Amino acid sequence: MISSTHHSLDARMRDGTFREDLYYRLNGARVSLPPLRERTDFDWLLRKLLDDDRVTLSSAARERLHRHD
């Protein structure tokens, strides 16, 4: 099973808002990905995601994606 969240499940489990047994079942392997704004390969990734002749982005749109939090 693969799952994802933007919450700290450790903290949720400690404060009782996430089940401890489920936390330990899901916690077999952990992969952390940085937010897009912190990635050094953001432009490369964007080109790969939009690798379609029908899709283009203006420089203003690309800049806005860079600034998005």
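The numbers here are math on the coordinates, done by the rules we state, and not lab data. It should be emphasised that the depicted structure is a prediction, and the values quoted were computed from it without experimental measurement. Because the Cβ atoms are built from the backbone with ideal geometry, glycine has one as well, and the counts that use them run over all protein chains shown.
Some notes on this structure:
- Geometric extent, Cα atoms of region 29-69 - Rg, Dmax (angstrom): 12.0, 39
- FRET efficiency, residue 65 to residue 20 (Cβ-Cβ, R0 35 Å, nearest 0.05): 0.40
- Rg/Rh for the chain stands at 1.16; both radii use Cα atoms, and Rh follows the Kirkwood definition.
- 3J(HN,Hα) couplings calculated from phi for region 60-69 with the Karplus curve 6.51 cos²θ - 1.76 cosθ + 1.60 (θ = phi - 60°) are, in sequence order, 5, 5, 5, 5, 5, 4, 4, 8, 5, 8 Hz; Gly and Pro show x.
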